[in-house]
Amino acid sequence: MSVELSTSFSPDYAVVPGQHLAAVLAVKGMSQAELAVRIGRPQKTVNEIIKGKAAITPDTALQLERALGISAKTWNGLEASYQLQLAEQRDRARLEEYADWVERLPIAELRRRGQLPETDSKIDLVRRCLKFFGIDSPESLSASSTVASFRQSPAFEPDDLAMCAWLRLGELEAESIECEPYDRGKFRSLLDRLRELTRESDRVRIKKTLQDECRKCGVAVCFTTELRHTHVSGAARWIAPDKAMIQLSCRYKSDDHFWFTFFHECGHILLHGKKEGFLEGKETSSREEEEANDFAANHLIPRQALFGLMRERPLSEERLIRFAEHIGVAPGIVVGQLQKRKRLVQVTPLNKLKKFSFDLAAI
């Protein structure tokens, strides 16, 4: 008499493999004592397997195959399925403890961005949030690749889950961007050419050019609209020994802020260590931040040229336009740098030289 067992049955409760064994013995009219003799095991062992007190080991599975004509793979599959069901039950109880953590995450915004599906199950939501971050528990987040490198950044607060989520969104995008191995010299030379891009008016072309050209140098450029309460402009870090990433939120939506932030992050990549991460958004001060600020400012407008302009009186719209054309940058950048140097007030008619609605993250 042949007996077929299926391992495709997946109930929502743990099924002891021994129940299948008991059913096979009943069909065959074989007692536990006889099976014990056939496989050379104590009857107590057979009884414990049937009651779920002992597992079906690979050795036992081979013995059952010879005694009952049902493959060892089937018995092993039943045991593995049972153990997995038990683990899932234990895991479910553990995940229930993370309900408060999930409530602190920007769930609605992550759903709008297609990262989390709608679900009525709190446990399923916890499970999907952990998967989004690529971690097994909330405690693992601070040590994960998403946030670990930002511990020394003055702008980073480890308990800011909205910031962690924003960083993770950029990380996921960067992972999907194929880059050539990082080449510092090539990247530094590229920035001289990208400076000319500030005069381009086609935002789609700007975004594509930045991503395509930086990718060839080993730098993934990501555009991630900020999440509420993050107040972040950009971030820079390494996601592999030969791959860096720059994440931009385009928060201020003007060309002068955008380009300063971009070159600021480039400064971090070129000047600072691969184990460090840098966030820009809050008013912070550190040696690295000052170095990145100087790099961005001097790259956009050579220091001596800017200081010479600052000494002129008055600064008319026509003069700023001619100056911008002479050094090869957008006039809005000149306005922005003069405002940073307190040579122009923030509210000035010259702001019309800036390009607003410069939100490349929305494209």
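The values are calculated or read from the model by the stated rules, or taken from the named source; none is laboratory data. Model, not experiment: these values are computed from the prediction. A quick note on method: Cβ atoms are made from the backbone with ideal geometry, for glycine too, and the neighbour counts reach across all protein chains shown.
Assorted remarks:
- Applying the condition of being β-branched (V, I, T) and at pLDDT 95 or above to the stretch 124-149 and asking which residue is surrounded by the fewest Cβ atoms within 10 Å (Cβ to Cβ) yields I135.
- Flag for I56 being β-branched (V, I, T), touching a Pro at 6+ places or on another chain (Cβ under 7 Å) and either modelled with pLDDT of 95 or more or closer than 30 Å to S142 by Cα (or both): yes
- Selection within the stretch 123-161: residues that are among the polar types (S, T, N, Q) and under 16 Å from the mean Cα position of the chain (by Cα). The member of this set that is nearest to I269 (Cα to Cα) is S149.
- Residue identified as free of Cβ contacts under 8 Å to residues at least 40 places away in the same chain, among the aliphatic types (A, V, I, L, M) and either touching a Leu at 6+ places or on another chain (Cβ under 9 Å) or not in a helix (DSSP H, G or I) (or both) among A93, A99: A99
Here is a yes/no grid of residues against (1) over 30 Å from K208 (Cα atoms); (2) surrounded by fewer than 17 Cβ atoms within 10 Å (Cβ to Cβ); (3) in contact (Cβ under 8 Å) with a residue 40 or more places away in the chain:
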site: R322; (1), (2), (3): no, yes, no
site: V329; (1), (2), (3): no, no, yes
site: Q337; (1), (2), (3): no, no, yes
site: R343; (1), (2), (3): yes, yes, no
site: P349; (1), (2), (3): yes, yes, no
site: K354; (1), (2), (3): no, no, yes
site: F358; (1), (2), (3): no, no, yes
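- Residue among E79, E103 that alone is of a type in the set (D, E) and surrounded by 14 or more Cβ atoms within 10 Å (Cβ to Cβ): E79
- Of A80, A67, all but one fail to be assigned by TED's automatic domain parsing to the domain that holds I56 and either in contact (Cβ under 8 Å) with a residue 24 or more places away in the chain or assigned to a loop (DSSP other than H, G, I, E, B) (or both); the exception is A67.
- Hits in the stretch 287-314 - residues which are in a loop (DSSP other than H, G, I, E, B) and either in contact with a strand residue (DSSP E or B) (Cβ under 9 Å, 6 or more places away or on another chain) or among the acidic types (D, E) (or both): E312
- Residue check for I239: surrounded by 21 or more Cβ atoms within 10 Å (Cβ to Cβ) and either under 20 Å from L194 (Cα atoms) or within 17 Å of the chain's Cα centre (by Cα) (or both): no
- Residue check, E265 at pLDDT below 95 and buried (at least 23 other Cβ atoms within 10 Å of the Cβ): no
- Residue match in the stretch 157-175 (condition: of a type outside the set (D, E), surrounded by fewer than 19 Cβ atoms within 10 Å (Cβ to Cβ) and farther than 18 Å from V232 by Cβ): no
- Close Cβ contacts (under 6 Å, 6 or more residues apart or on different chains) running from residues in the stretch 284-299 that are in contact (Cβ under 8 Å) with a residue 60 or more places away in the chain to residues that are crowded, with 19+ Cβ neighbours inside 10 Å comprise T284/A155; H299/F263.
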